[in-house]
Amino acid sequence: MEETVRLYTRQNDKTLRALERDGRILNHRAYVEMHFGSIAPLFLESYDWFTKEAQKIVPKPEYAQASIWCSISAQNCLKPIDGTVVYVLDVPKNQIVYFDEVKWDYVLNRIYLPKDAKDDEKYKQELKERGFKSRFEFFEGRYKGLYPEEEKRIIDSWKRVFEIEEWSIFRVCGNIWEIKKEWVHKIVHPNEPIEDASDRV
């Protein structure tokens, strides 16, 4: 029997229709754009990078456009509110790309993701010695387009988002490319508990 992992994800309740009609739920780039509004262009650049790298770990089906991010615990999952539901999923282990949500902030801010505190200090010192006043301005701002080697160095560092040093429910997320109907353990509506004793695996 295929080994599965319990994941939790809050989604718009309109996805219930797609699940019933198509037997799967997909995320679309347009949904990401709508969700993030004015900051969408910045977010989408980071999100596109994530999609490109994550599919090297678990191949993305051609029909899937964007990631679906899941919590690894009921405790840290976003609770269902009006207009949403939480899907409690049992996903085949080989369909999940784990990543560190704390490290994701570095990708979102488009800055260097250090290996550790020592590497962080070394990097900041190097920038200072080279006369850079800010580490936030290589992609947007005064240094944009002027230092391609530095941009590459920063982008290469982002791959560490997939390296998990601290397996914590508050840091680790699971990325999947779709929600298949057969993976749905249960659907939680607003004011319902996400997990009860019978759900614990």
Using +1 on the beta carbon of Lys and Arg, -1 on that of Asp and Glu, and nothing else charged, what's the dipole of the stretch 52-201 about the Cα centre, debye to 20? 520 debye
Estimate the FRET efficiency between I187 and L146 by the formula 1/(1 + (r/R0)^6), using the beta-carbon distance for r and 35 Å for R0, to the nearest 0.05. 0.10
With contacts defined as alpha carbon pairs under 8 Å and 6 or more residues apart, what's the relative contact order of the stretch 49-201 in percent? 45 percent
Could you tell me what percent of the accessible area of the stretch 58-201 is made up of carbon and sulfur, with a 1.4 Å probe and every protein chain present? 50 percent
Note on the stretch 117-201: C-alpha Rg/Rh, Kirkwood Rh, two decimals, gives 1.20
Charge-dipole axis of the chain as Lys and Arg at +1 and Asp and Glu at -1 on Cβ define it, positive-most pick from N76, L42, A64: L42
Enter the accessible area per residue of the chain (Å², integer; probe 1.4 Å; all protein chains in place). 58 Å²
Provide Rg and Dmax in Å for the stretch 1-160, with only Cα atoms included in the calculation. 18.6, 59
S73 versus V102, label points 7 Å from Cα toward the beta carbon: distance in nm? 1.3 nm
So, counting K/R as plus one and D/E as minus one, what does the shell of residues with Cβ under 12 Å around Q125 add up to? +1
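The values are calculated or read from the model by the stated rules, or taken from the named source; none is laboratory data. On a predicted model such as this, the values are computed, not experimentally measured, just so you know. Every residue, glycine as well, gets a Cβ built from its backbone with ideal geometry; the counts of neighbours run over all protein chains shown. Each accessible area value is taken on the protein alone, full model and side chains, heavy atoms only, with ligands, DNA and RNA left out. Shrake-Rupley method; radii C 1.70, N 1.55, O 1.52, S 1.80 Å.
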